[in-house]
1. What single numbered condition from (1) within 26 Å of A88 (Cα to Cα); (2) assigned to a helix (DSSP H, G or I); (3) in contact with a helix residue (DSSP H, G or I) (Cβ under 7 Å, 6 or more places away or on another chain) fails to hold for L114?
2. From A94, A74, which residue is in contact with an Asp or Glu (Cβ under 7 Å, 6 or more places away or on another chain), closer than 24 Å to E112 by Cα and either of a type in the set (G, A, S) or not in a helix (DSSP H, G or I) (or both)?
3. With S125, S209, S182 as the choices, which residue is free of Cβ contacts under 8 Å to residues at least 12 places away in the same chain and not charged (D, E, K, R)?
4. State all residues of region 83-94 that are more than 16 Å from I48 (Cα to Cα) and open to solvent by less than 30 Å² (accessible area, probe 1.4 Å); if no residue qualifies, say none.
5. Within region 52-81, how many residues are in contact with a Gly (Cβ under 8 Å, 6 or more places away or on another chain) and crowded, with 18+ Cβ neighbours inside 10 Å?
6. Determine the pairs where a residue that is on the phi > 0 side of the Ramachandran plot and hydroxyl-bearing (S, T, Y), located within region 44-61, has a partner that is in a loop (DSSP other than H, G, I, E, B) and open to solvent by less than 30 Å² (accessible area, probe 1.4 Å) with Cβ atoms under 8 Å apart, the partner being 6 or more residues away or on another chain.
7. Being open to solvent by 20 Å² or more (accessible area, probe 1.4 Å) and closer than 20 Å to D145 by Cα is the filter here; which residues of region 95-113 pass it?
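The values are calculated or read from the model by the stated rules, or taken from the named source; none is laboratory data. If you're wondering where the values come from, they're calculated on a predicted model, not measured in any experiment. When we count neighbours, we look across all protein chains shown, and the Cβ atoms used for this are built from the backbone with ideal geometry, even at glycine. These accessible areas exclude ligands, DNA and RNA; they are computed on the full protein's heavy atoms, side chains included. Shrake-Rupley method; radii C 1.70, N 1.55, O 1.52, S 1.80 Å.
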Amino acid sequence: MIPRCNTFRNFTWPAPDWLAFTRALGTSAPQCLAQFDKLTDESTLIAILADGDASRADKAMACKRLTVYGSEAAIPELAKLLSDPELASWTRIALEAIPGSEANAALRTACESLSGNQLIGAIHSLGVRGDQAAVEMLTAQLQADDPQVAVAAAYALGKIAGPEATAALRAALASEQPQVRSEAAAACVVCAEQALKAGDAELAAEIKSAKLICPHSGL
């Protein structure tokens, strides 16, 4: 019911589109927007997520408002929606915005049971948050049977960067999956850029050397 969009080269996942979402549910978007426009109380927004009778459109908008007004208090209810095919994207935009390590932990825990688009989205969110604690799990996902999950893991590792993520990506350059090799090579370049920004020119040069870029990646 929620439209899909390209987010990076090799795969897609559901992306929040409020108007399309409300139209699909037969809900008046202007009416919903007016209802939530001035709602800033976090406890009220959390209560909407926990309310079994609340509409899915209301829950989606509550997630959207929690991107601004949410704190760690909202994470338990948000985490419950990470497996929901229609609401997962909405809950992730809130989790990506909430500061602190609890949101990272919720996303990592969810990855243990998620699959398909929901897993891909959660992996992407870990990359957006730059969660160093996720590197070990993401390294394992580079070997996932679903190549799109492995590609997502490579992308996220590139966003996270650092020595451990870089080492995992360099190993992935030998993957039997062409998509994974390509994304790992692109992610290595991102890691090199991050190393350069951090002042480690030597590591940046090493990562970007011809020996480390997969010859089949096109880079």
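1. Of the numbered conditions (1) within 26 Å of A88 (Cα to Cα); (2) assigned to a helix (DSSP H, G or I); (3) in contact with a helix residue (DSSP H, G or I) (Cβ under 7 Å, 6 or more places away or on another chain), the odd one out for L114 is (2).
2. One residue alone meets the criteria, A74.
3. From the options S125, S209, S182, the qualifying one is S209.
4. Passing the criteria: S89, R92.
5. Counting residues in region 52-81 that are in contact with a Gly (Cβ under 8 Å, 6 or more places away or on another chain) and crowded, with 18+ Cβ neighbours inside 10 Å gives 1.
6. none
7. Selection gives R108, T109, E112, S113.
Matching residues to (1) of a type in the set (F, W, Y); (2) modelled with pLDDT of 85 or more:
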position	(1), (2)
F11	yes, no
D17	no, no
A29	no, no
F36	yes, no
S43	no, yes
I48	no, yes
D58	no, yes
T91	no, yes
